[in-house]
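Everything below concerns the one structure shown next.
The values are calculated or read from the model by the stated rules, or taken from the named source; none is laboratory data. Predicted model, so just to flag it, every value in this text is computed and none were measured. Please note: Cβ atoms are built from the backbone with ideal geometry, for glycine as well, and neighbour counts cover all protein chains shown. Only protein heavy atoms, including side chains, enter the accessible area calculation; ligands, DNA and RNA are left aside. Shrake-Rupley method; radii C 1.70, N 1.55, O 1.52, S 1.80 Å.
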Amino acid sequence: MTFSHIKAVAFDMDGTLLDGRSELSQENRAACEALRASGRKILISTGRTYKSAQLPLDGFAFDGYVCSNGATVYEADGSMVHYHKLEAEAVIGILEKLHELPLYYEMHDIKSNRWIVKEDRQRMEEMIGEDELIEGINWRRFTFYTMTASASREELFARIRSGELEIVKIFIWHARPEALIGVRHELERWASKALITTSGPHNLEMIPPGVSKWEGLQYFCRKWELSAEEVMAFGDSDNDLEMLTYAGASVAMENSSATIERVAKFRAGNHIENGVAQFINQYIVK
């Protein structure tokens, strides 16, 4: 394999660039530094908000950020270049349905804030008090207690309708992946207003139609005059599908979903074993 033509590399975060503790390991950090030293651009392409993406990076700077599955795009300095929002009435309809269902959910706005309906906060707190072995439970607790704001249902609905709150993503979580099958079916009635995707077995994510990580990456392709063939992308979950379908060099992690394994051209090791660094060091910056 030769990747001398690659000029930009995009990384999903959870399950890809981050390790099992949701941290950027020294090995992966060094591999990213080596890519930059070789003259290549490095990009984050994640389902996280910009604010939550910055936490595990711990000051390590990338050349751009595609966040909330492509609903928001940022320059290297953190300035937003564009965003896509969900329609207000669709958000309210979805929230009314989620209120009826026994699960965790939150909304992400264009300012990277995470919102919870106050009337549902107690039940969500009880849900994240479950088994420590559940994938992502510690991160869920951290964001719940330190990064989420709450307001009454009436206040949130009013602020969404007025345009004061512009929602780019609705995040849904449950400790049992099988419980989300019925939830997804319930939410499909908004299919024309909100695309349903996922970044792991325990969640669903609703974003504006036509939005994807690859669509977000197009801003940087235009800016740097890159073709799809000159872009490499690493990912593991279904919200990476478009990115790994269209990137010239697509790399699936060992821990990837079956969907991602089918579309990716190349394979990397498991994210908990620094699979990203192993691939970069072996094939790109040898």
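Would you check if there is a residue in the stretch 139-153 being open to solvent by 50 Å² or more (accessible area, probe 1.4 Å), modelled with pLDDT of 90 or more and closer than 22 Å to Gly210 by Cβ?
Scanning the stretch 139-153 turns up no residue that is open to solvent by 50 Å² or more (accessible area, probe 1.4 Å), modelled with pLDDT of 90 or more and closer than 22 Å to Gly210 by Cβ.
Of everything in the stretch 195-240, what is among the hydrophobic types (A, V, I, L, M, F, W, C), touching a residue at least 60 places away in the same chain (Cβ under 8 Å), farther than 17 Å from Tyr83 by Cβ and open to solvent by 20 Å² or more (accessible area, probe 1.4 Å)? Give them in sequence order.
Listed by number, the residues that qualify are Trp224, Leu226.
Find all pairs meeting these conditions: Cβ atoms under 6 angstrom apart; at least six residues apart or on different chains; first residue within the stretch 159-174 and without any contact (Cβ under 8 Å) to a residue 60 or more places away in the chain; second residue of a type in the set (A, V, I, L, M).
Arg159/Leu165
So, in the stretch 150-169, of the ones that are under 20 Å from the mean Cα position of the chain (by Cα) and assigned to a strand (DSSP E or B), which residue ends up nearest to Ala88 (Cα to Cα)?
Residue satisfying both the conditions and the ranking: Ile167.
So which residues in the stretch 265-280 are closer than 14 Å to Met232 by Cβ and open to solvent by 80 Å² or more (accessible area, probe 1.4 Å)?
Lys265, Arg267
All but one of (1) of a type outside the set (Asp, Glu); (2) assigned to a helix (DSSP H, G or I); (3) in contact with a Leu (Cβ under 7 Å, 6 or more places away or on another chain); (4) open to solvent by less than 10 Å² (accessible area, probe 1.4 Å) hold for Ser250; state the number of the condition that does not hold.
In the conditions (1) of a type outside the set (Asp, Glu); (2) assigned to a helix (DSSP H, G or I); (3) in contact with a Leu (Cβ under 7 Å, 6 or more places away or on another chain); (4) open to solvent by less than 10 Å² (accessible area, probe 1.4 Å), Ser250 misses (2) alone.
For a quick check of your reading: which strands (runs of 3 or more DSSP E) sit entirely within the stretch 170-235 and have at least 1 residues that are within 16 Å of the chain's Cα centre (by Cα) and aromatic (Phe, Trp, Tyr)?
Once the strands (runs of 3 or more DSSP E) in the stretch 170-235 are filtered for at least 1 residues that are within 16 Å of the chain's Cα centre (by Cα) and aromatic (Phe, Trp, Tyr), what remains is 231-235.
Restricting attention to the stretch 29-85, and to residues there that are assigned to a loop (DSSP other than H, G, I, E, B) and aliphatic (A, V, I, L, M), which single residue is nearest to the chain's Cα centre (by Cα)?
Filtering the stretch 29-85 for residues that are assigned to a loop (DSSP other than H, G, I, E, B) and aliphatic (A, V, I, L, M), the one nearest to the chain's Cα centre (by Cα) comes out as Ala71.
Being open to solvent by less than 30 Å² (accessible area, probe 1.4 Å) and outside any helix (DSSP H, G or I) is the filter here, so list the residues in the stretch 1-28 that pass it.
Within the stretch 1-28, Phe3, Ile6, Ala8, Val9, Ala10, Phe11, Asp12, Leu18, Asp19, Leu24, Ser25 meet the criteria.
Check Ala90, Ala34, Ala61 and return the single one that is among the aliphatic types (A, V, I, L, M) and open to solvent by less than 10 Å² (accessible area, probe 1.4 Å).
Ala90 is the lone residue from the list that is among the aliphatic types (A, V, I, L, M) and open to solvent by less than 10 Å² (accessible area, probe 1.4 Å).
Here is a check on your reading of the model: is Ser192 more than 22 Å from Lys111 (Cα to Cα) and small (Gly, Ala, Ser)?
The answer is yes for Ser192.
Pick from the stretch 40-57 the residues that are hydroxyl-bearing (Ser, Thr, Tyr) and more than 17 Å from Ala10 (Cβ to Cβ): which of them is surrounded by the fewest Cβ atoms within 10 Å (Cβ to Cβ)?
Applying the filter and picking the extreme gives Ser52.
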